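Novice: Take a look at the following structure, please.
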Amino acid sequence: MTKAGAPSAEIRQRVAALRREIEHRNYRYYILDDPELPDAEWDRLMQQLRELEETYPQLVSPESPTQRVGATPTDEFAEVRHRIPMLSLDNAFTEDDLKNFDRRVRERLSIDGDVEYSAEPKLDGLAISVIYERGVLVRAATRGDGTTGEDVTTNVRTIRSVPLHLRGDAPKLLEARGEVFMPMAGFERLNADAAKKGNKVFANPRNAAAGSLRQLDPSITAQRPLDIFFYSVGAVEGLKLPSSHSVTLDLLKCFGLRVSPEVRRVRGASGCLKYYADINRRRSRLKYQIDGVVYKVDSIIAQRELGFVSRAPRWAIAHKFPAEEALTVLRDVEFQVGRTGALTPVARLEPAFVGGVTVSNATLHNMDEVRRKDVRIGDTVVVRRAGDVIPEVARVLLDRRPKDSHEIRLPRRCPVCNSTVKRDAEAAVARCTGGYRCSAQRKERLRHYASRRALDIEGVGEKLVDQLVEAAVVESPADLYLLDLAMLSDLDRMGPKSAENILAALQRSKNTTLARFLFGLGIRDVGEATAAALARHFGDIDSLMAADVEAVRQVQDIGPVIAAHIIEFFADPNNREVIDRLRRVGVHWPMAKTNSGLTQPLLGMTFVLTGSLASMAREEAEDALRALGAKASGSVSKKTSYVIAGRDAGSKLRKAEGLGVPVLDEDALKKILSSQRPP
Ligand code: IVH
């Protein structure tokens with residue numbers, strides 16, 4: 001940016017306003033551990049301020065937030081001065097940013113070929129310095145403003161992955177630096193617990209980690225699931241450091257310090273980009289949150305030659321993933337009607353780029369959530385989209401609420417069929433009472449019936465169902481089987497080949513299992529596991545349809561609420577007729593012999609599948625186990641008979657090991673299925 005003349009009053013005001021805003025955000029972020037603003041928005045504010053200060057250097061003052069790295073420590077903890085400042089990293093947001101970084105490195109080092117980098121995940125936690133004197137942990141400090149941090153020794157000592165003594169031949173002094181973070185599972189547990197007790201929940205794992213480490217009472221920190229990865233060395237005495245960063249990390253490992261297992265040595269910008277793509281792909285499967293990757297020139301000599309610019313090294317850069325949060329404006333709220341009539345408030349947003357895609361709709365879940373988050377139409381909101389999950393309105397910026405904002409009201413009548421809307425007494429959900437009369441519910445039920453885990457009718461998806469219902473050719477699942485070539489070909493964009501394929505898929509779907517059929521009926525709260533339990537228990541649909549509440553409650557894991565939904569469903573003459581018609585058009589399943597155990601060698605056993613299997617999909621394996629009488633469950637407990645661990649099995653496997661539940665591999669599973677015998 002070019003230097004300009006004297007700044008106008010307007011510019012001065014803008015700079016002052018930016019500083020005020022950033023100070024306020026810093027306070028919320030660093031002191032309260034409760035940010036409202038997405039990080040990207042904070043970056044943008046800082047960037048604007050930096051640019052203005054570069055253009056008008058006369059406006060720079062030592063108090064400006066650009067003049068320090070972080071925030072000042074609170075006075076609750078003793079101050080610690082870092083012997084060597086703890087720096088920050090520059091960011092690359094695009095491939096070009098990264099290539100430019102690599103080019104600058106090569107130019108400064110006068111290298112023609114590829115530079116060797118150490119590539120590492122950028123952990124989303126907080127930086128910490130841990131000092132070992134003659135192998136003994138004597139001090140741990142936060143980064144603070146980079147020069148002075150807070151003494152959090154007693155708290156860090158409670159983190160079990162931080163050794164209190166180094167292994168092996170420890171030097172006189174070693175300052176290891178790394179990132180303290182909270183793994184996702186622990187974060188979710190902590191928040192669920194806090195919510196139950198009515199306490200404050202943390203916005204994200206990073207804030208939870210920061211909040212936990214900055215507890216004045218170390219016994220609280222001790223209960224928090226914190227973890228650490230070390231990623232560099234600060235001050236050392238009595239030790240000759242290796243000549244590359246990657247070997248330095250190996251040395252840390254030898255001392256018993258935890259280093260990320262994802263660290264790799266890569267060559268050149270192309271190696272960096274490959275690493276980035278690989279980690280990004282596996283990101284949602286990591287046990288902890290990362291917000292990008294860091295590339296560091298591996299040679300320490302080259303690092304020295306490159307040196308630093310004000311707050312960051314020239315030899316490293318953080319390559320960030322697209323932000324998962326963005327600011328936007330909530331224009332309107334519409335209510336979507338689901339399969340069981342549930343009304344979901346959906347936010348219509350000013351389009352925002354988040355998580356790598358443009359988002360203009362986001363869920364608000366239900367009215368209780370709307371109240372809890374205090375969302376109004378016209379509000380500036382934070383949308384979140386992490387991985388492939390549905391975008392949601394995460395929170396509201398109350399200080400940006402316009403005067404003409406208005407409240408979100410639950411409609412009294414269904415927006416689709418105009419039936420009355422009822423609120424469930426027991427839950428937060430409001431429902432349309434229209435049942436099959438409501439075309440939205442009809443569509444959702446059809447979609448559900450045809451879905452992969454139900455009757456698995458390929459080609460009968462969202463678009464086709466919409467057309468069929470709107471053209472009034474199909475009302476219930478039974479009508480699907482009355483479709484013929486002529487009717488299908490009449491539809492928009494339907495070639496003869498696809499029409500034939502759909503008819504063939506419909507034919508195939510007639511041969512099914514009772515569990516899939518019951519699941520496909522879309523009875524409220526009857527998911528796959530419950531449907532399978534019902535099928536196992538009753539063996540055929542007639543006895544289930546004849547059962548009373550007591551009989552249904554005999555089924556494993558079915559409580560009074562679900563039992564009532566099941567009874568209610570089969571009491572409805574409409575539903576009974578649909579079932580009759582489906583059987584008449586030829587939908588059938590193999591008759592289960594009985595529950596005698598003869599055909600069900602795995603009766604009474606519970607299996608949990610985790611990780612991915614090479615030879616079959618997890619659902620397939622679960623179906624096959626159920627067919628032999630076993631229960632397939634999603635979570636491990638003392639009651640689990642066996643855990644089957646596929647590739648990349650994680651927390652469930654660990655839990656099984658912890659509880660002493662026997663663990664089998666895929667080969668053992670295949671043996672069970674082929675021999676039809678318990679392991
Ligand atoms: S190296 C001089 N490596 O990112 C280089 N930092 O934006 C100092 N961070 O304060 C940092 N993962 O809290 C480094 N593998 C990694 C990291 C990492 C996360 C954090 C760290 C640092 C911030 C800089």
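Novice: If I ask for residues that are more than 27 Å from Leu213 (Cα to Cα), buried (at least 19 other Cβ atoms within 10 Å of the Cβ) and charged (D, E, K, R), which ones from the range 20-56 would you list?
Specialist: Selection gives Glu53 alone.
Novice: A follow-up question, please. List the number of the failed condition for Arg282; all other conditions in (1) at pLDDT below 95; (2) touching a strand residue (DSSP E or B) at 6+ places or on another chain (Cβ under 9 Å) hold.
Specialist: Among (1) at pLDDT below 95; (2) touching a strand residue (DSSP E or B) at 6+ places or on another chain (Cβ under 9 Å), Arg282 violates only (2).
Residue-by-condition table, conditions (1) under 30 Å from Leu673 (Cα atoms); (2) modelled with pLDDT under 90:
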{"position": "Leu534", "(1), (2)": "yes, no"}
{"position": "Phe538", "(1), (2)": "yes, no"}
{"position": "Val552", "(1), (2)": "yes, no"}
{"position": "His565", "(1), (2)": "no, no"}
{"position": "Asn575", "(1), (2)": "no, no"}
{"position": "Lys593", "(1), (2)": "yes, yes"}
{"position": "Val608", "(1), (2)": "yes, no"}
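Novice: Can you find a residue in the range 568-586 that is on the phi > 0 side of the Ramachandran plot, part of a loop (DSSP other than H, G, I, E, B) and surrounded by 15 or more Cβ atoms within 10 Å (Cβ to Cβ)?
Specialist: no
Novice: Now for a separate question. Anything in the range 122-150 that is within 16 Å of the ligand (Cβ to nearest atom), charged (D, E, K, R) and assigned to a strand (DSSP E or B)? List them, or say none.
Specialist: Matches in the range 122-150: Lys122, Glu150.
Yes/no per residue for (1) over 37 Å from the mean Cα position of the chain (by Cα); (2) part of a loop (DSSP other than H, G, I, E, B):
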{"site": "Ile457", "(1), (2)": "no, yes"}
{"site": "Leu464", "(1), (2)": "no, no"}
{"site": "Gln467", "(1), (2)": "no, no"}
{"site": "Val473", "(1), (2)": "yes, yes"}
{"site": "Met487", "(1), (2)": "yes, no"}
{"site": "Lys497", "(1), (2)": "yes, no"}
{"site": "Ala505", "(1), (2)": "no, no"}
{"site": "Arg508", "(1), (2)": "no, no"}
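Novice: Take the residues of the range 112-140 that are of a type in the set (A, V, I, L, M) and out of contact with any helix residue (DSSP H, G or I) (no Cβ under 8 Å at 6 or more places or on another chain): which is surrounded by the fewest Cβ atoms within 10 Å (Cβ to Cβ)?
Specialist: Within the range 112-140, the match that is surrounded by the fewest Cβ atoms within 10 Å (Cβ to Cβ) is Val136.
Novice: Also, quick follow-up: Regarding Arg437, is this residue under 22 Å from Asp34 (Cα atoms) and either acidic (Asp, Glu) or open to solvent by 30 Å² or more (accessible area, probe 1.4 Å) (or both)?
Specialist: no
Novice: If Asp492 satisfies all but one of (1) farther than 16 Å from Ile579 by Cβ; (2) within 39 Å of the chain's Cα centre (by Cα); (3) part of a helix (DSSP H, G or I); (4) of a type outside the set (Phe, Trp, Tyr), what's the number of the condition it fails?
Specialist: Unmet condition: (3).
Novice: Residues of the range 141-164 being β-branched (Val, Ile, Thr) and out of contact with any Leu (no Cβ under 9 Å at 6 or more places or on another chain), which ones?
Specialist: Those that are β-branched (Val, Ile, Thr) and out of contact with any Leu (no Cβ under 9 Å at 6 or more places or on another chain): Thr147, Thr148, Thr154.
Novice: Within the range 380-413, count every residue that is assigned to a strand (DSSP E or B) and not hydroxyl-bearing (Ser, Thr, Tyr).
Specialist: 12
Novice: Now, a different point. How do the pairs read when you match residues in the range 484-501 that are under 15 Å from Val460 (Cβ atoms) with residues anywhere that are open to solvent by 30 Å² or more (accessible area, probe 1.4 Å), using Cβ under 6 Å and keeping only pairs 6 or more apart or on different chains?
Specialist: Within 6 Å, the pairs are Met487/Val473; Leu488/Met494; Leu491/Gln467; Ala499/Leu485; Ala499/Ser489; Asn501/Gly459.
Novice: Now, a different point. Under the condition of being among the polar types (S, T, N, Q) and in a strand (DSSP E or B), which residue from the range 319-359 is surrounded by the fewest Cβ atoms within 10 Å (Cβ to Cβ)?
Specialist: Thr358
Novice: Kindly list, by first and then second residue, each pair from a residue in the range 398-423 that is within 12 Å of Gly341 (Cα to Cα) to a residue that is part of a helix (DSSP H, G or I) and among the charged types (D, E, K, R), limited to pairs with Cβ atoms under 8 Å and residues at least 6 apart or on different chains.
Specialist: Matching pairs, first to second residue: Cys417/Arg437; Ser419/Arg437.
Novice: Can you tell me which residues in the range 295-318 are of a type in the set (A, V, I, L, M) and not in a strand (DSSP E or B)?
Specialist: Ile300, Ile301, Ala302, Leu306
Novice: Restricting to the range 648-677, what's the tally of residues that are in a helix (DSSP H, G or I), touching a residue at least 40 places away in the same chain (Cβ under 8 Å) and open to solvent by 60 Å² or more (accessible area, probe 1.4 Å)?
Specialist: 3
Novice: Would you mind telling me which numbered condition in (1) away from the ligand (no atom under 16 Å from the Cβ); (2) crowded, with 19+ Cβ neighbours inside 10 Å; (3) modelled with pLDDT of 95 or more Ser244 fails?
Specialist: So Ser244 meets the others, but not (1).
Per-residue answers, yes or no, for (1) open to solvent by 50 Å² or more (accessible area, probe 1.4 Å); (2) away from the ligand (no atom under 12 Å from the Cβ); (3) over 28 Å from Ala208 (Cα atoms):
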site: Lys240; (1), (2), (3): yes, yes, yes
site: Asp250; (1), (2), (3): yes, yes, yes
site: Ala277; (1), (2), (3): yes, yes, no
site: Arg285; (1), (2), (3): yes, yes, no
site: Tyr288; (1), (2), (3): no, no, no
site: Gly292; (1), (2), (3): no, no, no
site: Ser299; (1), (2), (3): no, yes, yes
site: Val309; (1), (2), (3): yes, no, yes
site: Ile317; (1), (2), (3): no, no, no
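Novice: How many residues, within the range 512-565, are assigned to a loop (DSSP other than H, G, I, E, B) and within 23 Å of Glu458 (Cβ to Cβ)?
Specialist: 5
Novice: Take Arg372 and decide whether it is open to solvent by 30 Å² or more (accessible area, probe 1.4 Å) and touching a residue at least 40 places away in the same chain (Cβ under 8 Å).
Specialist: Against the criterion (open to solvent by 30 Å² or more (accessible area, probe 1.4 Å) and touching a residue at least 40 places away in the same chain (Cβ under 8 Å)), Arg372 does not qualify.
Novice: Has the range 517-531 got at least one residue that is of a type in the set (D, E, K, R), on the phi < 0 side of the Ramachandran plot and buried (at least 16 other Cβ atoms within 10 Å of the Cβ)?
Specialist: There is at least one residue in the range 517-531 that is of a type in the set (D, E, K, R), on the phi < 0 side of the Ramachandran plot and buried (at least 16 other Cβ atoms within 10 Å of the Cβ).
Novice: Taking only the range 158-191 into account, find how many residues are within 16 Å of the ligand (Cβ to nearest atom) and either part of a loop (DSSP other than H, G, I, E, B) or open to solvent by less than 10 Å² (accessible area, probe 1.4 Å) (or both).
Specialist: 10
Novice: If you check Gln507 against the conditions, is it in contact (Cβ under 8 Å) with a residue 12 or more places away in the chain, among the polar types (S, T, N, Q) and either in contact with a strand residue (DSSP E or B) (Cβ under 7 Å, 6 or more places away or on another chain) or surrounded by fewer than 14 Cβ atoms within 10 Å (Cβ to Cβ) (or both)?
Specialist: Against the criterion (in contact (Cβ under 8 Å) with a residue 12 or more places away in the chain, among the polar types (S, T, N, Q) and either in contact with a strand residue (DSSP E or B) (Cβ under 7 Å, 6 or more places away or on another chain) or surrounded by fewer than 14 Cβ atoms within 10 Å (Cβ to Cβ) (or both)), Gln507 does not qualify.
Novice: While we're looking at this one, here's another question. Can you name the residue in the range 74-97 that is away from the ligand (no atom under 15 Å from the Cβ) and either assigned to a loop (DSSP other than H, G, I, E, B) or closer than 18 Å to Phe321 by Cβ (or both) and is also modelled with the lowest pLDDT among such residues?
Specialist: For the range 74-97, the residue satisfying everything is Thr74.
Novice: Additional query: Being polar (S, T, N, Q), under 21 Å from Arg167 (Cβ atoms) and touching an Asp or Glu at 6+ places or on another chain (Cβ under 8 Å) narrows it down to one of Ser260, Ser244, Ser232, so name that one.
Specialist: Ser260
Novice: Scan the range 95-124 and report the pairs whose first residue is touching a residue at least 60 places away in the same chain (Cβ under 8 Å) and whose second residue is β-branched (Val, Ile, Thr) and part of a loop (DSSP other than H, G, I, E, B), with Cβ atoms within less than 6 Å and a gap of 6+ or a chain change.
Specialist: Hits for this filter: Val105/Val115; Glu120/Val263.
Novice: Pick from the range 121-151 the residues that are more than 26 Å from Val294 (Cα to Cα) and among the β-branched types (Val, Ile, Thr): which of them is modelled with the lowest pLDDT?
Specialist: Val136
The values are calculated or read from the model by the stated rules, or taken from the named source; none is laboratory data. What you are looking at is a predicted structure, and each value in this text was computed from that prediction instead of being measured. Cβ atoms come from the backbone with ideal geometry, glycine included; neighbour counts cover every protein chain shown. Each accessible area value is taken on the protein alone, full model and side chains, heavy atoms only, with ligands, DNA and RNA left out. Shrake-Rupley method; radii C 1.70, N 1.55, O 1.52, S 1.80 Å.
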